Each structure stands twice: as C-alpha cells, then as structure tokens.
1. With θ set to phi - 60° and the Karplus curve 6.51 cos²θ - 1.76 cosθ + 1.60, what are the ³J(HN,Hα) couplings of region B:160-168 in order, to the nearest whole Hz, using x for Gly and Pro?
2. Hey, for B:Ala72 with labels 7 Å out along Cα-Cβ, what do the inter-copy distances come to in nm, ordered shortest first?
3. Given that compact globular proteins tend to follow 2.2 N^0.38 Å, what is the ratio of the alpha-carbon Rg of the protein assembly as shown to that value?
4. Count, for each residue of A:204-214, the Cβ atoms from other chains sitting within 10 Å of its Cβ, then give me the mean as a whole number.
5. Using 0.36 nm times the number of residues separating B:Arg128 and B:Asp67, minus their current alpha carbon distance, what extension gain do you get?
6. Could you sort B:170-178, A:165-173 so that the peptide with the highest average Cβ count within 10 Å comes first and the rest follow in order?
7. What net charge is computed for the residues neighbouring B:Pro181, neighbours being all others with C-beta under 15 Å from the C-beta of B:Pro181, Lys and Arg scored +1, Asp and Glu -1?
8. Please compute the alpha carbon radius of gyration of region B:1-93, then divide it by the globular-protein estimate 2.2 N^0.38 Å. Two decimals is fine.
2 protein chains.
Amino acid sequence: MGRPPTLSRERIVDTAVELVARDGAEHLTVRSLGEALGCDPSALYRHFRNVDDLHRAVGDHFLSDVDVAPRARESWRTAVRRLCIGLRAAQLRQPRLAALVHAAPTRLGNELAFTEALFRELRRGGFRAPTAVRAYHSLIELTVGSAAIDAAIAGLAPAEREAEYQRWRADYVALDPARFPAVRSAAPHLYRGSADERFEDALDLMLAGLVARR
Amino acid sequence: MGRPPTLSRERIVDTAVELVARDGAEHLTVRSLGEALGCDPSALYRHFRNVDDLHRAVGDHFLSDVDVAPRARESWRTAVRRLCIGLRAAQLRQPRLAALVHAAPTRLGNELAFTEALFRELRRGGFRAPTAVRAYHSLIELTVGSAAIDAAIAGLAPAEREAEYQRWRADYVALDPARFPAVRSAAPHLYRGSADERFEDALDLMLAGLVARR
DNA sequence: TCGGTTCGTCAACACCGTTGACAAACGGAA
DNA sequence: TTCCGTTTGTCAACGGTGTTGACGAACCGA
C-alpha cells in the first residue's frame, strides 16, 4: 500500500559505497548521493534518520568484508597481524565513521565475529583469559586509534596526501638545529612511506612485545 | 604604520580556548569566535590563513602543560613512558578539540618542544635517525590514536563511565558460548579498570617491543 | 470511486568556511 | 598640514553543508 519505493536502504548504501570508492569519502554528501541516485537529496531522509545514521550503515557494510575465517598453517601471530590489518583497512574505507563511532564497540554482528576471531587466535597463542584481554585491549587501542587519526589523511588523493606529508616534513626540516637538534636530524625521515606501513611497524612492535611478555 | 590592530593571534586563541571550554569544541566556528571577540568573522583571516590554521594554534595551546624537561637519573624508557602519558593527559583534557586536531601535527611551539623531547630520549636510548623515526611514529600513533578513541568516554562522569563499561561487559557475557566461545570466556575480564591503565598496558607492550628490537 | 498511506519533489532554513571590495585609522613623507 | 601607502576590521556575497515541512503523485483496499 502506498506509492512504490524507488529507493531502499540497500540501494542507497550500495550507491554510497560506489561513490566513496570513486570520489573519496569526503565527497559523500547528501546532495551528491542524491544526484548519484537520480533523486532529490531529501528523499534519503525517508530511509535514514540523519547523515550519521547513513554513515553507520555504510561503515557496517565496509566492515563485512574483513576476513575472519581461520586459516590452516597460519601462526597465531600472523593471524592476529592479518586480523588487525584487515580491521584497519575496513575502517579506513569509511573515515568519518572511523573518526567518530569507535569510541564504543557496537557489539553487533560483524564486530562480534571479528572479536571472536581475535580472541580465538590469542588463545591459540597460549594467552589465558586475563592476559588475553589485556592483549586484546592493547591491539584494539592501537588499531582503531591509529585508524581514527589516519582517517582524514587517508581520504585524500595519493598525490595530495604525499604533498601534505612533504609539507609537514619541510616544516620540520626548516627548524633551527640549535633549538631542536634531535627533531632536526630526524626530520628527513619523517612521514616517509605510507600510513599503512607506519601502522604495521607499530603493530609489529606491539606483537614483539606480546611475544616477549608471553 | 597602518591601522592599530585590536586583534592578535594570542587574543584570538585565548578566546577560542575559553569558548571551547564553555561550549565544547564542536561550537568553535569562525562565526561564533567572531561574535565572542566582538568583531566580524572575516577579520580572523587577517591572522590565520584558514580555520585549520586556527585549530592547530588552539590545539597547540593545550599542549603547553606537558612537562618535557629532562630529568636527572631517569632512564630513556621511563622518560618516553612519562612523555607519552603526559601527551595523552593533555589531549584528554579537551577531548572534543583533540578530535579536531589529531589528524595533523600542529608543528607549532608546544608540539615541537614535545617532539624534540621524545626524539632526545630515543636518541639517548641508542636509536639512530631512521629507527628513531619509526619508533616515534609508532608511539605517536598509539598515544594520539588511543586518546582520540578514549576522548568520548573520558568526558563522562566516573559513575556513568563505569556503568557504560559494565553494560558492554554484560553484552559480551550474554553471548552464546556455542557461537562465541573465545569472547564468552574472556568477557568477565573485559573493560576492567580505567582507560588510562589500558593505555599504559599498551604502551608498556610497545616499549617492551622497542627494547627487544633495539 | 474514494480515502488513506507511502514516498519522492520542491523550496526553504540555518548553518558553515571563505573571498573581494571598501572604509577607517594610523605613520611617514612632502 | 596635507597626502599617500599600509594595515586591519567591516560588509555583502558565494557556494557548500545537513535538515525540515508542505505538497502531490502513486499505489492499495474498501
């Protein structure tokens, strides 16, 4: 009964995902999404309470493609590493969500599956409950946290991103060596490579700490 | 020569800090700041290139009370630990503003002083430039990132915060042991203690990794 | 055929950051 | 003293954002 819908939450989310993939997350606006759907922007409010609600749905969609299935012949350490990298990648695919929502765990479908997988691997690594929890919290703090701060820059186009890094580096290189000797000598090496590489560095450091502590 | 200025970067930043403290960082806009200063919003552009420039200046202001002075008889590891904990504390003091700023380093006075101190200690710990930079990036990623995601919950009153943690824990405890065995058995230990303690756990893990790698 | 319901459209509202033209207020030079 | 150049705040506007309420088209059941 009533007018037949041309839109649906699913179609909207799918289009939003395409739009983010094509133009970057910063171009995902109610108006651009309306245009991509061929409808008036305000029509979206028939399916989502507000733009945050929409962002959540899009974020959930991205979280669904983290591969949490156990793999044969994979060490617990490699598995934990892979899980965290996958979580980060999924979160960076929806920056706005990564920056806001991760203050609290959603405790819903995809996130539960991920959490189970992470604890499964930690247990396999020989960590008992209280220690495993501390390791879990540490890994999540690093993975989700770093995704949150990398989200903004990850939304940029590669060329712009590199230009931004270069600008930061230039500022550090230009420092007075008398006042900032340590920073100055480290400056040429700052913000080389990708944020993903820096995250993996940090993750490996933490994993090394975990192994040393076990 | 020229018309005498009624504004200055310092007065603008001070007013912005008051405004953030009173209304929260999400209400810090060019227009509201102009009103608080009793001037036209566009006047701010005589002192800041854009709103990002302003945000960095305000954010840097909050870093001023991190103690970065070197201490006698303090190991590099203890010093690095203290510096990171101090940085986190400063950022959690203005949670919402931290959310605005954390995307990019401010590269201004207080942040430079902090960065210099951190590199000074890492160098003292025997790390050479490229390795020190990787350690620096890892520590910052963890410290700033975890502050970003802890910011929201840190703003709550202690009682509310504990109630929130208990709610999360209850959700995990209520899970079906058949589908989520690993999470279920870890559940009673989740979100015990403070976010600060969990951060220090993670930091110690990373420091242990650093030592192991050195 | 009629009423009720759904849902996309349209026009507006209240914000946001930012810019360019303009005027007021000064110091120095003529 | 007059005039000029410079600084600096004011003003009006532009294009962008999310959001809302009135409206009408399109359908179903009675």
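1. 4, 4, 5, 4, 5, 4, 5, 4, 4
2. 6.5
3. It is 1.04.
4. Counting Cβ atoms of other protein chains within 10 Å of each residue's Cβ and averaging gives 6.
5. 19.5 nm
6. A:165-173, B:170-178
7. Net charge in that neighbourhood comes out at +3.
8. 1.39
Here, each number is a calculation from the coordinates, and none is a lab measurement. The model shown is predicted, which means the values in this text are computed figures rather than measured ones. So basically every Cβ, Gly included, is an ideal-geometry build from the backbone, and we count neighbours across all protein chains shown.
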